[in-house]
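Okay, so here's the structure we're looking at.
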Amino acid sequence: MRQRAVLWHGCGYYARGLPSDGKYVNPKNMQIVLIPLYVWIIAQGYKYFSRSAKQNNYDLRNFVGDGGMPSSHTAIVSSLTTVTALAYGPASGAFTISLIFSLIIIHDALNVRAIVGLHSHLLNYLRSKLSPEEQKRFYLSPEGVGHTLPEVIGGLALGIFGTIVLYYFL
């Protein structure tokens, strides 16, 4: 007799009849998790090597730093949306949720975080006008937290095309 089990499938739960041993792995679900992670690693790796070459400093902080080309936030969410469309179709609920999530993250990377970077630049400038004793009371704000339009477009292209290549050839 077959047992019923609830499995995670995309963005919702569903019941599926399973063999009695209960061993079941859906490769489609693994692609949805792994491909965006691979795309993020590619984006961060590119930023790491380009920053490290410019600074002549191969520090691991360059791998996880914010800002720069391409936008890894945009790359990972566009990859997630693309792999969801490929796996479940563009008419699925999972794709719709992923698309809305991606638009929010891309808007944040392009607008909100860019404005935060400009504010940080202004705060650091004002801090530099203080005396050395007063400067110790305020820390330097990170300035490169936002993205420009070309950086977001680069992340979007990497996310979409990288996902298509990985989806069909992985």
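The figures follow:
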read-out	value
Selection status of ALA157, surrounded by fewer than 19 Cβ atoms within 10 Å (Cβ to Cβ) and either without any contact (Cβ under 8 Å) to a residue 60 or more places away in the chain or more than 16 Å from the chain's Cα centre (by Cα) (or both)	no
Qualifying positions in region 123-154 - part of a helix (DSSP H, G or I), surrounded by 12 or more Cβ atoms within 10 Å (Cβ to Cβ) and within 28 Å of the chain's Cα centre (by Cα)	LEU123, ASN124, GLU151, VAL152, ILE153, GLY154
Residue list for region 145-170, restricted to those being over 20 Å from ILE41 (Cβ atoms) and at pLDDT below 85	VAL145, GLY146, THR148, LEU149
ILE35 being open to solvent by 40 Å² or more (accessible area, probe 1.4 Å) and at pLDDT 75 or above	no
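The values are calculated or read from the model by the stated rules, or taken from the named source; none is laboratory data. Computed from a predicted model, the values in this text were never measured in an experiment. FYI the Cβ positions are ideal-geometry reconstructions off the backbone, even for glycines, and counts take in every protein chain you see. Surface areas here come from the heavy atoms of the whole protein model, side chains and all, with no ligands, DNA or RNA. Shrake-Rupley method; radii C 1.70, N 1.55, O 1.52, S 1.80 Å.
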